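Please treat every number below as a calculation from the coordinates, not as lab data. Only a predicted model underlies this, so the values are computations on that prediction, with no experimental measurement involved. With ideal geometry, Cβ positions are generated from the backbone for all residues, glycine too; neighbour counts draw on all protein chains shown.
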Amino acid sequence: MCDGATDTAVREQEIFYVRYCVEGEVRVRLAGVKHLERGDAPHVLEALDQALREFTGQSSEEWKRKLVGFASDGAAVNFGCKQGVAARLKTSRPKLVTVHCTAHRLELAFKDMTAQVEYYKKVSKLMKDLYDFYYRSPLNRSMLQRAAQAADLPFLVPTRVGGTRWVMHSDRALSNIVRAMPAIVNHLEQLSNPDLQERVSSDAKNKAKGFLKMMKEPRFTLTTAFLQDLFRVLGNASKSLQESARGISGAYSTIQELKSQVDRLATRDGPCLRQAKENLGQGQRERAEQAGFQGDRLHLLTNDLKT
């Protein structure tokens, strides 16, 4: 099993793990971390060979004779049909079993599906814009902190959406925004106030007005609550799929349980959505439904995500 990353010195690094069985006991061990001159298939394969020779104490021919499987993310460098690492390994091991990381596939699938629902794309963009808005401006962060203190709320800054664990990062970013919502709205209202004493650019004021308009929509309130419930279901499944002792049967059980939970979310409200609906009045809930909240929810859960 392997995965690549860039270290703080902006150098390509590849990490290798070996999964093997000894007298019926499945073990997973770190084989090594190797620097790559280039992040292409020949260099990854060279690093893999070096790591396994050092780990096993065997020659290249010996460890390749014992190799039965290869697993990684779905990057072209690993799974390119002709020149990827897996394809090159199969030249000497034609029956090699190749596995695209199930947790990674789950996250990619969900990311692709939400991108097909227009309002979810808007919510994702707002989360990214709020992160940039506070990350790039010490003044905005300072004003948000004062707003949180005035409302007796924890000081939470919107975090980055994306990264190598997209579901986990999105869940954290969304949770921070929901928990800090009163303070964020209060700060944005201050920026929109024409009598504001602070020196704030017109660009920041215009952005604040745009953020406020969307964040005050009942549809936004219900959508973020629904996504919190969904992110946690997907996050638990992703964590389960990443367990080192998880086998094929365990992964299958996890996916089947995920499908059952998705079915329930299509017909029954999760805890965050129930609470959000209780906090909204009947008129606001109806406005959210008329704006398309339920249609987006059913479209994602009953069609795209299950597929």
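Assorted remarks:
- Take every pair of alpha-carbon atoms less than 8 Å apart whose residues are at least six positions apart; their mean separation over the length of the range 2-100 yields a relative contact order of 20 percent.
- Where only DSSP H runs of four or more residues are counted, the chain gives -19000 deg cm²/dmol as its mean residue ellipticity at 222 nm, each run worth -39500 (n - 2.57).
- For the chain: rounded, prolate or oblate by the Cα gyration tensor [a/c cutoff 1.5]: prolate
- Neighbours of Arg53, meaning other residues whose beta-carbon lies under 14 angstrom from its beta-carbon, give a summed charge of -1 when Lys and Arg score +1 and Asp and Glu score -1.
- Built amide H within the under 5 Å cut-off of Ala180, gap 5+: none
- Note on the chain: with a GNM built from Cα contacts shorter than 10 Å, the maximum mean-square fluctuation among Asn176, Asn193, Asn78 falls on Asn193.
- Under the span-like rule (Cα at least 24 Å along the axis, Kyte-Doolittle mean at least -1.0), DSSP H helices of the chain: 118-135, 218-241, 248-267
- Neighbour net charge for Glu257 - beta-carbon separation under 12 angstrom, K R +1, D E -1: +1
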